[in-house]
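Comments concern the structure below.
The values are calculated or read from the model by the stated rules, or taken from the named source; none is laboratory data. Everything numeric here is computed off the predicted structure, so don't read it as measured data. Glycine gets a Cβ as well: all are built from the backbone with ideal geometry, and neighbour counts include every protein chain shown.
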Amino acid sequence: MATAVRRSAPANTLDRAQKLELYYYMRLTRSLEERLVNLYRQTKVVGGLFRSLGQEADAVGSAYALDRKQGDILSPLIRNLGSMLVQGAEPLEIIRQYMAKGDSPTRGRELNIHYGDLVRGFVGQISQLGDMVPVMAGVTLSFKMRGQDRVGLVYVGDGATSTGAFHEGINFAAVQQCPLVVIVENNGYAYSTPLSKQTAARDLKDKAIGYGIPGEQADGNDVLATYAVTKRAVDRARKGGGPTLIELITYRRKGHAEHDNQSYVPPGEIERWEKANDPIDRYVAVLTGEGVTDAELHAIDERIRKEIDEATDQADASPMPEPTDALVGVYAEPGVIPPLWFREGVRSAVATHERPASWGTHDG
């Protein structure tokens, strides 16, 4: 189980509209995942389904601290759908991606949120946990070498902090003073392994000491505290202060994936976190305490419901991939010359075992 939460001071630089936007992204994350669960149970989702129930605040709050106009970029993990939504990903493409549709971002070749868009500022993830730290160290080193005023952010779980890739990547970023923020989501478990079984460190933020960089810890179920601690790190990186390691204390209320029944979790633990530490319930209490009305929140909820309903209908009507599309863009997106299989005359020639005229001749 995760260590006790140390609460950070809430962000005081956000206006009312921005705070409502944080609510929108958190609620959108949860509602979209709930819709994906329904589709999964209808066997319309291809592959596994990974949820962030109970962790919406850490993904949304941290990503919100980046500046898209500056070209900041992040690398999400499977439980960071919220961060991608903040960066501009849309429900329709997420649902199409999970359903492996032909018009999904990866045209049905990859699943869940394994895709990237450098224009909107998120890098496609590598399944091996921890491996995105050296990747993002390289990305942010390129920012520094080109004199760009940009910051990168990378997410890892508590288990990934025990991997070689994590160590090598964060050590390199520290030595090179890369403008990188490393978010460690301490949700208590690395799949089914509790934190105490994979590291002797009491606080994961203390690992920053070994790399000579700042380490901070915050309540990952408090979206404002998460935003505040990440904003400090982002500002520090943009000013040339190098990397920061941030440990966010949170809790994964669902299994590693939808198929995981969490039999390894002690009785009552999930219920305790749900009752006292649900990030959305806690944030609603903050907003209503600041004068936000139930009607305002309901209007946002209705907007989200309509967006997801429309996205679901469109995704459901989308076609599955054409089999021949597997031959397109294997190593890169199609260029000026169309792939061989799609060139005029090739299909019929292959069928008749003839040499297409478009192939030309070779006399040498």
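Taking residue 48 as the residue in question, decide whether it is more than 23 Å from residue 139 (Cα to Cα) and touching a residue at least 60 places away in the same chain (Cβ under 8 Å).
yes
Please tell me if residue 198 is at pLDDT below 95 and under 18 Å from residue 248 (Cα atoms).
Yes; evaluated as a whole, the condition is true for this residue.
Quick test of your reading of the structure: residue 220 fulfils all but one of (1) touching a residue at least 40 places away in the same chain (Cβ under 8 Å); (2) not assigned by TED's automatic domain parsing to the domain that holds residue 178. Name the failing condition by number.
(2)
Return the only residue of 208, 200, 173 being out of contact with any His (no Cβ under 6 Å at 6 or more places or on another chain), part of a loop (DSSP other than H, G, I, E, B) and more than 24 Å from residue 24 (Cα to Cα).
200
What do you reckon, is residue 245 assigned to a helix (DSSP H, G or I), surrounded by 14 or more Cβ atoms within 10 Å (Cβ to Cβ) and either touching an Asp or Glu at 6+ places or on another chain (Cβ under 6 Å) or not β-branched (Val, Ile, Thr) (or both)?
no
What's the total number of residues in the range 206-226 that are under 18 Å from residue 74 (Cβ atoms) and buried (at least 24 other Cβ atoms within 10 Å of the Cβ)?
Total meeting the criteria: 4.
Condition check: assigned to a loop (DSSP other than H, G, I, E, B) and over 18 Å from residue 75 (Cα atoms). Does residue 236 satisfy that?
Considered against the rule, which asks whether it is assigned to a loop (DSSP other than H, G, I, E, B) and over 18 Å from residue 75 (Cα atoms), residue 236 comes out as no.
Need the failing condition index for residue 75 against (1) modelled with pLDDT of 95 or more; (2) within 21 Å of residue 311 (Cα to Cα), just the number.
(2)
Give the residue, chosen from 84, 26, that is crowded, with 20+ Cβ neighbours inside 10 Å, free of Cβ contacts under 8 Å to residues at least 60 places away in the same chain and assigned to a helix (DSSP H, G or I).
84
What about residue 43, is it out of contact with any Cys (no Cβ under 8 Å at 6 or more places or on another chain) and farther than 21 Å from residue 304 by Cα?
yes
Restricting to the range 87-136, name every residue that is acidic (Asp, Glu), more than 22 Å from residue 27 (Cα to Cα) and surrounded by fewer than 19 Cβ atoms within 10 Å (Cβ to Cβ).
Within the range 87-136, 103, 110, 117 meet the criteria.
Under 25 Å from residue 40 (Cβ atoms), outside any loop (DSSP other than H, G, I, E, B) and modelled with pLDDT of 50 or more - does that describe any residue in the range 324-336?
Scanning the range 324-336 turns up at least one residue that is under 25 Å from residue 40 (Cβ atoms), outside any loop (DSSP other than H, G, I, E, B) and modelled with pLDDT of 50 or more.
Do the conditions hold for residue 165, that is, is it aliphatic (A, V, I, L, M), in contact with a Pro (Cβ under 7 Å, 6 or more places away or on another chain), surrounded by fewer than 21 Cβ atoms within 10 Å (Cβ to Cβ) and free of Cβ contacts under 8 Å to residues at least 60 places away in the same chain?
yes
Can you find even one residue in the range 177-196 that is of a type in the set (Gly, Ala, Ser), buried (at least 24 other Cβ atoms within 10 Å of the Cβ) and within 21 Å of the chain's Cα centre (by Cα)?
Scanning the range 177-196, I find no residue that is of a type in the set (Gly, Ala, Ser), buried (at least 24 other Cβ atoms within 10 Å of the Cβ) and within 21 Å of the chain's Cα centre (by Cα), so the answer is no.
Go through (1) more than 29 Å from residue 200 (Cα to Cα); (2) assigned to a helix (DSSP H, G or I) and name the single condition residue 165 misses.
Answer for residue 165: the failing condition is (1).
Condition check ((1) surrounded by 14 or more Cβ atoms within 10 Å (Cβ to Cβ); (2) part of a loop (DSSP other than H, G, I, E, B); (3) in the same structural domain as residue 37 (by TED's automatic domain parsing)) across all residues:
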position: 262; (1), (2), (3): yes, yes, yes
position: 265; (1), (2), (3): yes, yes, yes
position: 270; (1), (2), (3): yes, no, yes
position: 274; (1), (2), (3): yes, no, yes
position: 286; (1), (2), (3): yes, no, yes
position: 296; (1), (2), (3): yes, no, yes
position: 307; (1), (2), (3): yes, no, yes
position: 313; (1), (2), (3): no, no, yes
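Could you look through the range 63-81, keep only residues that are out of contact with any Lys or Arg (no Cβ under 7 Å at 6 or more places or on another chain) and assigned to a helix (DSSP H, G or I), and pick out the one that is nearest to residue 257 (Cα to Cα)?
Only one residue fits best here, namely 81.
Being crowded, with 17+ Cβ neighbours inside 10 Å and more than 25 Å from the chain's Cα centre (by Cα) narrows it down to one of 292, 229, so name that one.
Step by step, each of 292, 229 is checked, and only 292 is crowded, with 17+ Cβ neighbours inside 10 Å and more than 25 Å from the chain's Cα centre (by Cα).
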